[in-house]
1. Evaluate segment 208-220: report whether one residue or more is surrounded by fewer than 18 Cβ atoms within 10 Å (Cβ to Cβ), over 25 Å from residue 45 (Cα atoms) and of a type in the set (D, E, K, R).
2. Of the residues that sit in segment 32-57 and are closer than 18 Å to residue 152 by Cα and under 14 Å from the mean Cα position of the chain (by Cα), which one is surrounded by the most Cβ atoms within 10 Å (Cβ to Cβ)?
3. Could you tell me whether segment 14-25 includes any residue that is surrounded by fewer than 18 Cβ atoms within 10 Å (Cβ to Cβ), touching a residue at least 60 places away in the same chain (Cβ under 8 Å), in contact with a His (Cβ under 8 Å, 6 or more places away or on another chain) and farther than 28 Å from residue 144 by Cβ?
4. Among (1) exposed (fewer than 12 other Cβ atoms within 10 Å of the Cβ); (2) modelled with pLDDT under 95, where does residue 4 come up short?
5. Quick check on this structure: which one of 52, 10 is of a type in the set (Asp, Glu), out of contact with any strand residue (DSSP E or B) (no Cβ under 9 Å at 6 or more places or on another chain) and either more than 26 Å from residue 134 (Cα to Cα) or at pLDDT 95 or above (or both)?
6. In the set 62, 73, 47, which member is within 19 Å of residue 108 (Cα to Cα) and part of a strand (DSSP E or B)?
7. Just to be sure I understand the filter: pairs with C-beta atoms under 9 Å, separated by 6 or more residues or on different chains, first member in segment 82-109 and part of a loop (DSSP other than H, G, I, E, B), second member crowded, with 20+ Cβ neighbours inside 10 Å and modelled with pLDDT of 95 or more. Which pairs pass?
8. Going through segment 24-42 one residue at a time, which ones are assigned to a strand (DSSP E or B) and either over 18 Å from residue 220 (Cβ atoms) or touching a Lys or Arg at 6+ places or on another chain (Cβ under 7 Å) (or both)?
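The values are calculated or read from the model by the stated rules, or taken from the named source; none is laboratory data. Not measured: the values here are computed from a predicted model. Note: ideal-geometry Cβ built from the backbone for every residue, glycine included; neighbour counts use all protein chains shown.
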Amino acid sequence: MRLLHDLQPDEKPVSQGIYHYLKDDVPTGQVEKWLITHLPNGTEIIRADVGDSESSLLTHLRRQLDGKPEWLRLRYGTHSGVKAAAQYTFEEAVVRVARQAEGQPQRLDVVDIAISYQIDYHPVISHDYVWRGYPTHARGKPWSIPVFSPDLWTEGPEALFGRALRFNVKPLGAEDIVTPVGKFEAVRSFEIILDDGTRALAWFDDFGIPLRWFYPDKAYDFVLAEYKRQD
């Protein structure tokens, strides 16, 4: 997989895998490769490479020992070169954004957001915000969680800006699921209603890795096709 930053000598690989992106059960051509590593102090680093024959998205997230995101670096490009890049620095109730798009000056922004927010930076491996953001005191009830999400669909001056959103999350209980990797028994499942009303279903293993992410109304399906742990 392509990397924004090479592994350092003290990084320990923990898990890695590949997601296949499907539409109506047919591969779209996009594939996501991901890698999770740990540093000696417990810091977690998540790398992802999402691409097809025309474009690529590379991400590099650093998460603190307590599970809170520290910073995210993101780069979007095509075969002709880098189109936009950004760094998002996560603080208690704000996200500081440094970004630059092709042909545009560098921009510095601050996005205000509710405390205890989660992040969705678009690769499937980033979708652990579902179980990270759902509080135990909700006890199975639907719960609205604040989410910060970089905007990948804007161009020009607004390229790679970010939005403060709210997603509604509801646990569905333990379910068995079969993926190309194999059968997983009694895994956590959730229903998610995104900010625009789009409904998603998600399944996670005991380590919090998304096994499948499915949009039933749009027939988009993201399935774990390869998975390796190095405990």
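1. yes
2. Among those that are closer than 18 Å to residue 152 by Cα and under 14 Å from the mean Cα position of the chain (by Cα), it is 48.
3. Yes; the residues of segment 14-25 include at least one that is surrounded by fewer than 18 Cβ atoms within 10 Å (Cβ to Cβ), touching a residue at least 60 places away in the same chain (Cβ under 8 Å), in contact with a His (Cβ under 8 Å, 6 or more places away or on another chain) and farther than 28 Å from residue 144 by Cβ.
4. With respect to (1) exposed (fewer than 12 other Cβ atoms within 10 Å of the Cβ); (2) modelled with pLDDT under 95, residue 4 is out only on (1).
5. 10
6. Going through 62, 73, 47 in turn, the sole match is 73.
7. 93/113; 93/117; 106/99
8. Within segment 24-42, 33, 34, 35, 36, 37, 38 meet the criteria.
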